[in-house]
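Presented below is the structure to which this report refers.
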Amino acid sequence: MKKHRGTIFVEDAEVMAQQAYAGNQYVLRVRAPQCAAHAMPGSFAHLVCDPLLPMRRPLSIMRVDAKNGWVEFLYKTVGLGLALLAQRKAGEILSLMGPIGAPYTPHPERPRALLLGGGVGIPPMVFLADSLRIQKNYQSFVIMGSEVPFPFTARPSKILIPGLPEGVIAAMPLLEDWGIPSRLASLQGYPGCFEGYVTELARRWLDALSDAQRNEVEIFACGPHPMLKASAQLARDYNLPCQVSLEEYMACAVGGCAGCVVEISTAQGPAMKRVCVDGPVFDASQVASFR
């Protein structure tokens, strides 16, 4: 039996809240108890955006509360479907299919987790940081990048991170409240942000570690393809393991249409893997387009 069968649920999800942010970004919270109970960092859901639009849209899961049965998504309105989703109001019902996909798999022998999120690749990093916080034996550092305003009001961090440039103090308030260090990067000149890419700031941090500390690092990344390719190169340069979450156009999102395949290196040679159910998380060293 396929590993994903019996783990994907279809449920009528009630919109609990929808918050708009600058840059056509939205945070959507829905009541979806089955998805909330089974989601893992890296999982996504396939949502019906509007009753008149039959094709679903895949959205990465940012936060879950299994006890209270809710799931939260961050998305940007690119295209008709997500523009229609942004019009959904509290109390409305939308069909949700999830959780879908292979999650991130942290390794306890690598307790220093470096999380890199770019744009709409931020949500899985928030979910993963929360999961690692609960496990308590990991030390996470989250770097987020965006070329539109961040979907939160940045806060000067009170958590000192050695090796970072002076003045790079902007952090995500939610992570700061959790006691998880984070920093923001952008080329837009936002106050307190690193002027550059997330991978450039990551190099500063890695260079400040001792050899023993660096050998404890594992990289996790989600974002646009150029950022993921740069993350894979970063991992190669420092001889570190790296897991990436890929993004592809999807139709069915359950492995039937094979419309989201990518070339992956395996022990048996090159293979075409489906991002939806074989991924979306892959070992960065095995993604052919990153070589």
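The values are calculated or read from the model by the stated rules, or taken from the named source; none is laboratory data. Fair warning: this is a prediction, and the values are worked out from it, not measured in the lab. As a convention, Cβ positions derive from the backbone with ideal geometry for all residues, glycine included, and neighbour counts pool all protein chains shown.
Would you point out which residue out of Leu47, Leu80, Leu74 is more than 30 Å from Lys136 (Cβ to Cβ), buried (at least 18 other Cβ atoms within 10 Å of the Cβ) and in contact (Cβ under 8 Å) with a residue 12 or more places away in the chain? Among Leu47, Leu80, Leu74, only Leu47 is more than 30 Å from Lys136 (Cβ to Cβ), buried (at least 18 other Cβ atoms within 10 Å of the Cβ) and in contact (Cβ under 8 Å) with a residue 12 or more places away in the chain. Can you tell me which residue in the stretch 229-257 is surrounded by the most Cβ atoms within 10 Å (Cβ to Cβ), limited to those that are of a type in the set (A, V, I, L, M) and out of contact with any Gly (no Cβ under 8 Å at 6 or more places or on another chain)? Looking at the filtered set, the residue picked out is Val244. Going through (1) over 17 Å from Glu248 (Cα atoms); (2) modelled with pLDDT under 95 one by one, Ala90 falls short only on (2).
Of the helices (runs of 4 or more DSSP H) entirely within the stretch 168-236, those holding at least 3 residues that are of a type in the set (A, V, I, L, M, F, W, C) and over 20 Å from Ser60 (Cα atoms) occupy 198-208. Has the stretch 26-35 got any residue that is assigned to a strand (DSSP E or B), within 14 Å of the chain's Cα centre (by Cα) and more than 30 Å from Ile161 (Cβ to Cβ)? Checking the stretch 26-35: not a single residue is assigned to a strand (DSSP E or B), within 14 Å of the chain's Cα centre (by Cα) and more than 30 Å from Ile161 (Cβ to Cβ).
Check Val275 against each of (1) over 17 Å from the mean Cα position of the chain (by Cα); (2) more than 24 Å from Gly196 (Cβ to Cβ) and name the one condition it does not meet. Result: Val275 passes all but (1).
Look through Ala212, Ala170, Ala202, Ala154 and report the one residue that is among the aliphatic types (A, V, I, L, M), under 24 Å from Ser285 (Cβ atoms) and buried (at least 19 other Cβ atoms within 10 Å of the Cβ). Of the residues listed, the single one that is among the aliphatic types (A, V, I, L, M), under 24 Å from Ser285 (Cβ atoms) and buried (at least 19 other Cβ atoms within 10 Å of the Cβ) is Ala202. Would you be able to say whether some residue in the stretch 122-130 is farther than 17 Å from Val244 by Cβ and in contact (Cβ under 8 Å) with a residue 40 or more places away in the chain? Within the stretch 122-130, one or more residues are farther than 17 Å from Val244 by Cβ and in contact (Cβ under 8 Å) with a residue 40 or more places away in the chain.
Residue by residue, here is whether (1) farther than 25 Å from Arg110 by Cα; (2) touching a Leu at 6+ places or on another chain (Cβ under 9 Å); (3) free of Cβ contacts under 8 Å to residues at least 24 places away in the same chain holds:
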residue: Glu216; (1), (2), (3): no, yes, no
residue: Ala221; (1), (2), (3): no, yes, no
residue: Leu246; (1), (2), (3): no, yes, no
residue: Ala258; (1), (2), (3): yes, no, yes
residue: Val275; (1), (2), (3): yes, yes, no
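Only one of the listed residues (Leu175, Leu164) is among the hydrophobic types (A, V, I, L, M, F, W, C), in contact (Cβ under 8 Å) with a residue 40 or more places away in the chain and touching a strand residue (DSSP E or B) at 6+ places or on another chain (Cβ under 6 Å). That residue is Leu175.
Any idea which of Ala20, Ala32, Ala39, Ala66 is touching a His at 6+ places or on another chain (Cβ under 9 Å), small (Gly, Ala, Ser) and either over 17 Å from Pro123 (Cβ atoms) or at pLDDT 95 or above (or both)? Ala66 is the lone residue from the list that is touching a His at 6+ places or on another chain (Cβ under 9 Å), small (Gly, Ala, Ser) and either over 17 Å from Pro123 (Cβ atoms) or at pLDDT 95 or above (or both). Among residues of the stretch 3-15 that are more than 30 Å from Lys89 (Cβ to Cβ), those with a Cβ under 7 angstrom from a residue that is at pLDDT 95 or above, sequence gap 6+ or separate chain, pair up as Thr7/His38.
A Cβ distance below 8 Å, combined with a sequence gap of six or more or placement on separate chains, defines the contacts here; from the stretch 53-71, residues that are within 17 Å of Gly223 (Cα to Cα) reach no residue that is loosely packed, with under 13 Cβ neighbours inside 10 Å and modelled with pLDDT of 95 or more.
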